[in-house]
Amino acid sequence: MSDLVKVCSESELGENEALRVDVAGTAVAVVKDAAGAIFAIGDTCTHGDISLSEGFVEGDTLECWAHGSKFELKTGKPLNFPAYEPVPVFAVSVVDGDVFVDPTPRTPESL
Ligand code: FES
């Protein structure tokens with residue numbers, strides 16, 4: 001628990017919205033999907049220096065507003081070009097209404 005970083009309270013997260021937070025110096029998008037599940041995914045698009053939290057939550061993906069690549073919230077994999085490299089994802093815990101993120105990045109291969 002001591003490595004986890006408190007990033008926000010659950011009530012700050014709107015459904016199908018992304019919130020940009022800092023996790024140990026890394027920009028991370030914290031996303032709540034339509035089912036209420038919370039994900040943490042690297043905030044910087046791998047195609048350009050664009051903040052993914054300024055994009056769109058679409059089902060189980062976060063879409064970059066610049067050129068439309070969609071990244072899977074669970075794995076960070078891009079589902080369409082032009083991005084072809086995944087963004088990291090991070091483990092999330094919710095304790096007493098607070099959202100914590102594990103700063104250790106996970107890749108699709110490590111999931
Ligand atoms: S900068 Fe994100 S798809 Fe191009």
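The values are calculated or read from the model by the stated rules, or taken from the named source; none is laboratory data. None of these values were measured; they are calculated from a predicted model. We place every Cβ from the backbone using ideal geometry, glycine too, and count neighbours over all the protein chains shown. SASA here: full protein model, heavy atoms, side chains in, ligands and nucleic acids out. Shrake-Rupley method; radii C 1.70, N 1.55, O 1.52, S 1.80 Å.
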For this session: Return yes when ALA34 is in contact (Cβ under 8 Å) with a residue 12 or more places away in the chain and assigned to a loop (DSSP other than H, G, I, E, B) and no when it is not.
Result: yes
For this session: Would you be able to tell me the number of residues in segment 35-49 that are closer than 16 Å to PHE90 by Cβ and within 15 Å of the ligand (Cβ to nearest atom)?
Result: 5
Exercise. Among (1) more than 16 Å from the ligand (Cβ to nearest atom); (2) over 22 Å from VAL7 (Cα atoms); (3) among the charged types (D, E, K, R), which single condition is LYS32 missing?
Worked result: (2)
Seminar exercise, completed: Flagged in segment 15-32 as open to solvent by 20 Å² or more (accessible area, probe 1.4 Å) and not β-branched (Val, Ile, Thr), in numbering order, are GLU15, ASN16, GLU17, ALA18, LEU19, ARG20, ASP22, ALA24, GLY25, ALA27, LYS32
Problem set entry | When residues of segment 50-93 are limited to those that are within 12 Å of ALA18 (Cβ to Cβ) and open to solvent by 40 Å² or more (accessible area, probe 1.4 Å), the one farthest from the ligand (Cβ to nearest atom) | GLU58
